[in-house]
């Protein structure tokens, strides 16, 4: 039975951390076992206390690595990579809910015989609200189509992934890197290991519900990719423009309101570049409107689909 470390970087996640931990207790794990859940936490709210309380009642081996000062997501991932005892590390953002099969789908996709050391998940939006939410859903569906088209700079999303702990231990993510998921993908590829996308490894997230937070996410994603352009070019993983256009048109045909909402969001980017601060920092102001997911509603949908 292969041993897993679940790694969770957290920063002020009191709105969702209990639901995430509860969802991990009911993961399908045939052929795998969760050795530990490592939570690398910089929170200044009640997240740490909530984790400690949950741990006293849980069947999971939960280890809280709490820090008083905010260090950033790169430091959290580095700490998890360094401390993990499992042969596979499954990383989950703290503001998502994994489908009951997600951990198994991610972990089982790694295959030493094929040199596969990193598996990307399929993030699906829930609780979509307003223009920003519809725009976020459209972008998410476009990214899913891009991942299905083949390996590119958009394959790996930090919301959920699995990585071979042996290769992770040799990677140190610089503190100033914004797109830490893309950086990890590049380092795995530069180590001559393979990266795959598993459409069945589903994690649920809530899109930003207001335009400022949506624009902030767009700007930060663009800044993060610009920061790593040398790696992207070296590895030749830029998404071809023909795929960008084709998938955008395809998604627009399927979801015109979403396409219009996304267009509004992108049109406001120049304004928010001036108004917002921290979008070019690894320690950005995190979105608040995406923090709360209705876990009970999701769990009911899992049961009805069985």
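The values are calculated or read from the model by the stated rules, or taken from the named source; none is laboratory data. Here the structure is a predicted model, which means the values were calculated and not measured. Note: ideal-geometry Cβ built from the backbone for every residue, glycine included; neighbour counts use all protein chains shown.
Might you check whether a residue that is over 28 Å from residue 12 (Cβ atoms) and either in contact (Cβ under 8 Å) with a residue 24 or more places away in the chain or more than 22 Å from the chain's Cα centre (by Cα) (or both) occurs anywhere in segment 202-221? No, segment 202-221 contains no residue that is over 28 Å from residue 12 (Cβ atoms) and either in contact (Cβ under 8 Å) with a residue 24 or more places away in the chain or more than 22 Å from the chain's Cα centre (by Cα) (or both).
Taken over segment 45-64, the residue count meeting the criterion of being touching a residue at least 12 places away in the same chain (Cβ under 8 Å) and closer than 21 Å to residue 33 by Cα is 9. Pairing residues of segment 264-293 that are on the phi > 0 side of the Ramachandran plot with residues that are assigned to a loop (DSSP other than H, G, I, E, B), at Cβ distances under 9 Å and at least 6 apart in sequence or on separate chains, gives 278/284; 278/285.
Here is the figure for segment 220-275: residues that are closer than 26 Å to residue 192 by Cα, outside any helix (DSSP H, G or I) and touching a helix residue (DSSP H, G or I) at 6+ places or on another chain (Cβ under 9 Å) total 5.
Hey, does segment 109-120 have a residue that's without any contact (Cβ under 8 Å) to a residue 60 or more places away in the chain, surrounded by fewer than 18 Cβ atoms within 10 Å (Cβ to Cβ), more than 13 Å from the chain's Cα centre (by Cα) and not in a helix (DSSP H, G or I)? Yes, that holds for at least one residue. Here 167, 139 are screened, and the one residue that is touching a helix residue (DSSP H, G or I) at 6+ places or on another chain (Cβ under 8 Å), surrounded by fewer than 21 Cβ atoms within 10 Å (Cβ to Cβ) and not in a loop (DSSP other than H, G, I, E, B) is 167.
Taking segment 177-194 as the range and being in contact (Cβ under 8 Å) with a residue 40 or more places away in the chain and under 14 Å from residue 158 (Cα atoms) as the test, the residues that pass are 177, 178, 179, 180, 182, 183, 184, 185, 186.
A quick yes/no check of all residues on (1) surrounded by fewer than 21 Cβ atoms within 10 Å (Cβ to Cβ); (2) closer than 21 Å to residue 206 by Cα; (3) touching a helix residue (DSSP H, G or I) at 6+ places or on another chain (Cβ under 9 Å):
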site: 13; (1), (2), (3): no, yes, yes
site: 24; (1), (2), (3): no, yes, yes
site: 30; (1), (2), (3): yes, no, yes
site: 37; (1), (2), (3): no, no, yes
site: 56; (1), (2), (3): yes, no, no
site: 61; (1), (2), (3): yes, no, yes
site: 92; (1), (2), (3): no, yes, yes
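Scanning segment 63-90 for residues that are modelled with pLDDT under 95, under 20 Å from the mean Cα position of the chain (by Cα) and exposed (fewer than 15 other Cβ atoms within 10 Å of the Cβ) returns a single hit, 70. Here is a list: 203, 188. Which entry is crowded, with 21+ Cβ neighbours inside 10 Å, touching a helix residue (DSSP H, G or I) at 6+ places or on another chain (Cβ under 8 Å) and either on the phi > 0 side of the Ramachandran plot or part of a helix (DSSP H, G or I) (or both)? Selected residue: 188, the only one of 203, 188 that is crowded, with 21+ Cβ neighbours inside 10 Å, touching a helix residue (DSSP H, G or I) at 6+ places or on another chain (Cβ under 8 Å) and either on the phi > 0 side of the Ramachandran plot or part of a helix (DSSP H, G or I) (or both).
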